[in-house]
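Everything on this sheet refers to the single structure shown next.
The values are calculated or read from the model by the stated rules, or taken from the named source; none is laboratory data. Computed from a prediction, not measured in an experiment: that's the story for all the values here. We place every Cβ from the backbone using ideal geometry, glycine too, and count neighbours over all the protein chains shown.
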DNA sequence: CGACCCATTGATCGGTCTCAAACATTGTGG
DNA sequence: CCACAATGTTTGAGACCGATCAATGGGTCG
């Protein structure tokens, strides 16, 4: 059961148009993430996009490579990471449908990216994308909103790591992942963890053993319940510091 | 000695125009941070900006406040942070001249910001700024570049925190701060630390005691030398994992 | 010169890492 | 359909490192 539960139905013959999901900068009704692009903007992006499919474990890009394209995820989960010299991985983010993959600097990718599950994505050539953004200020503004959204997400990750105890980190992680891959079932939520424990550990800066121990300690506390190793029933704790919530 | 060493000379009567510093997205000669804006763009921003001065310790904005303006730092150092319920602070970034302060979401500031030193900044009203960006796609693209730059900086912070040992965190911090506030003196560099140990600790997710101990341990190793508690002579170590360097 | 903030140092405690091994799950081929 | 292999996951025991609590020392500014 390694696939996201909340999966949209879309026939393989007609994949969804490009889409950016983010919490808007301006005041909106609720502080939740919403699709930023209107139909015309999605069509504009589709005009320069080609479809790409990746099996689980495939690498979308590598740190230091010349950046020629970015990806817009339609379906599946991607992780971005860096490798240290001793082989340890530092996972920077898990990316979901509506996210962009391919942050670059000085013409080269900053991070590596790998498919955690099977992934379908739009491939957007950088050259064409920059021209489109230059001609369409509103679209450019949406990419700026998305960048700000990702910056806030990175800051939440920072705050997660700033907590010393494994318990808080794991709870914050579950809270984070539940926003993307969960399904409400009565008063509790079923949360699917698309990635192995090692990836969770590399994201939380914990050992896989500590992740496992902490999850089971939380089960004994009654905070969550295992349905399978990758699927848990989880009721968001309200005693988490409000500082970590999506919309402050 | 709490002020930045590498300080530009500018008469108080004619403050510098707004400026954005970042590593460009596109391939450039060296991978270093450079001013993004040309003279016309700086004048455009100056047209909507008003000058603001803050003494050390002044708060520029608070988490949750309605966002009406952002700041472009001309001189001084600002920290952005969040407070947890028990009063602990999580410092997310130290910001320097050429940086922007005031990340917001859903119309409200995400973080609090406070002047670490005396600060001079341009106040940019959000409403006017968005109109200017809408009319000037190139300027908009530069703000996108800056957002990507800040995202990469946040990821570097994440990787810093992912390291377990205090020694590595402190070395990475010194490397980071040296890019902004250092002066070459022969083969070594004089690095000024504008902030107290408690702020360093809150940025590194260490206790102030651990920061102090680690700095002195590094002095005993010969990696650095104290000139005063806030000024050290520091030669960038080459045995740091390359993963952390500014340009990969 | 004194008061306050900041920085440093010391001892104990606790939590996570590490190393090691058993167990479960998934996918594959006979 | 079952046996097997390869991941992936869980559990256990001891060592290490930074947090914590407490107290002293130093700098700076009024």
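Look at residue A:15 and say whether it is more than 13 Å from every other protein chain (Cβ to nearest Cβ) and more than 30 Å from residue A:206 (Cβ to Cβ). In short, yes. Only one of the numbered conditions (1) touching a residue at least 40 places away in the same chain (Cβ under 8 Å); (2) surrounded by 23 or more Cβ atoms within 10 Å (Cβ to Cβ) is violated by residue B:95, and that is (1).
Of all the residues in segment A:206-226, those that are assigned to a helix (DSSP H, G or I) and either within 9 Å of DNA strand D (Cβ to nearest atom) or within 17 Å of residue A:172 (Cβ to Cβ) (or both) number 13. Residues that are more than 14 Å from chain A (Cβ to nearest Cβ), within 20 Å of the chain's Cα centre (by Cα) and in a loop (DSSP other than H, G, I, E, B) within segment B:25-44 comprise just one, B:37.
Can you work out which of the residues in segment B:46-57 that are in a loop (DSSP other than H, G, I, E, B) and at negative phi is farthest from the other protein chains (Cβ to nearest Cβ)?
Here the residue is B:55.
Tell me yes or no: at least one residue of segment B:189-209 is away from DNA strand C (no atom under 13 Å from the Cβ), in the same structural domain as residue B:230 (by TED's automatic domain parsing) and surrounded by fewer than 22 Cβ atoms within 10 Å (Cβ to Cβ). The answer is yes; a qualifying residue exists. May I ask you to list the residues in segment B:58-81 that are under 16 Å from the mean Cα position of the chain (by Cα) and either within 11 Å of chain A (Cβ to nearest Cβ) or in a loop (DSSP other than H, G, I, E, B) (or both)? Correct list: B:70, B:76, B:77, B:80, B:81. You will find that of A:113, A:93, the residue that is in a strand (DSSP E or B), farther than 21 Å from residue B:36 by Cα and within 11 Å of chain B (Cβ to nearest Cβ) is A:93 and no other.
Taken over segment B:155-205, the criterion of being closer than 25 Å to residue B:119 by Cα and in a loop (DSSP other than H, G, I, E, B) is satisfied by B:179, B:180, B:181, B:193, B:194, B:195, B:196. Going residue by residue through segment B:171-179, is there one that turns out to be away from chain A (no Cβ under 11 Å), away from DNA strand C (no atom under 15 Å from the Cβ) and surrounded by 21 or more Cβ atoms within 10 Å (Cβ to Cβ)? Yes, because at least one residue in segment B:171-179 is away from chain A (no Cβ under 11 Å), away from DNA strand C (no atom under 15 Å from the Cβ) and surrounded by 21 or more Cβ atoms within 10 Å (Cβ to Cβ).
In a residue-by-residue description of segment B:146-154, the property of being away from chain A (no Cβ under 14 Å) and free of Cβ contacts under 8 Å to residues at least 40 places away in the same chain applies to no position.
The residues listed here are B:4, B:48, B:91; of these, the one that is within 16 Å of DNA strand D (Cβ to nearest atom) and modelled with pLDDT of 95 or more is B:91.
Applying the criterion of being in contact (Cβ under 8 Å) with a residue 60 or more places away in the chain and under 18 Å from residue A:150 (Cβ atoms) to the residues of segment B:155-170, the residue that is farthest from DNA strand C (Cβ to nearest atom) is B:156. Among residues belonging to segment A:212-235 that are more than 8 Å from DNA strand C (Cβ to nearest atom) and buried (at least 18 other Cβ atoms within 10 Å of the Cβ), point out the one that is modelled with the lowest pLDDT. Among them, the one singled out is A:234. Under the condition of being over 30 Å from residue A:171 (Cβ atoms) and more than 7 Å from chain B (Cβ to nearest Cβ), the residues counted in segment A:135-145 number 5.
Given the conditions (1) in contact with a strand residue (DSSP E or B) (Cβ under 7 Å, 6 or more places away or on another chain); (2) away from every other protein chain (no Cβ under 14 Å); (3) surrounded by 18 or more Cβ atoms within 10 Å (Cβ to Cβ); (4) at pLDDT 95 or above, and given that residue B:123 satisfies all but one, which numbered condition is not satisfied? Of everything listed in (1) in contact with a strand residue (DSSP E or B) (Cβ under 7 Å, 6 or more places away or on another chain); (2) away from every other protein chain (no Cβ under 14 Å); (3) surrounded by 18 or more Cβ atoms within 10 Å (Cβ to Cβ); (4) at pLDDT 95 or above, residue B:123 misses just condition (3).
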